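One structure is given here, and the rest of the page talks about it.
Bear in mind that the values in this text are calculations on the coordinates, not laboratory data. Keep in mind that this is a model prediction, so the values were computed, not measured. Every residue, glycine as well, gets a Cβ built from its backbone with ideal geometry; the counts of neighbours run over all protein chains shown.
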Amino acid sequence: MTQITSKGKLFIRAEKQKEYIRLLAELRGVTTQELMGQVVERFIDRNLQLIQDYNNELEALNSKSSRRINMNL
């Protein structure tokens, strides 16, 4: 019974999201496909930036660790 109820809630939520996307696209004067393309581009750009930030932090930590090891030798 819980699975059926959950699926119904997910369906209703998905339908609401579709309606919000359609309205937002209409307000911006673009198609829903164009709006979704913009959303995906922003998602990818932000994730790439987060990955780069994480990579920079790892490199800094690695460098700091190497300096400490060399000082102790």
Out of the residues in region 59-73 meeting the condition of being hydrophobic (A, V, I, L, M, F, W, C) and loosely packed, with under 10 Cβ neighbours inside 10 Å, tell me which one is nearest to residue 17 (Cα to Cα). 69
Exactly one of 17, 33 is within 22 Å of the chain's Cα centre (by Cα) and surrounded by fewer than 10 Cβ atoms within 10 Å (Cβ to Cβ), and that residue is 33
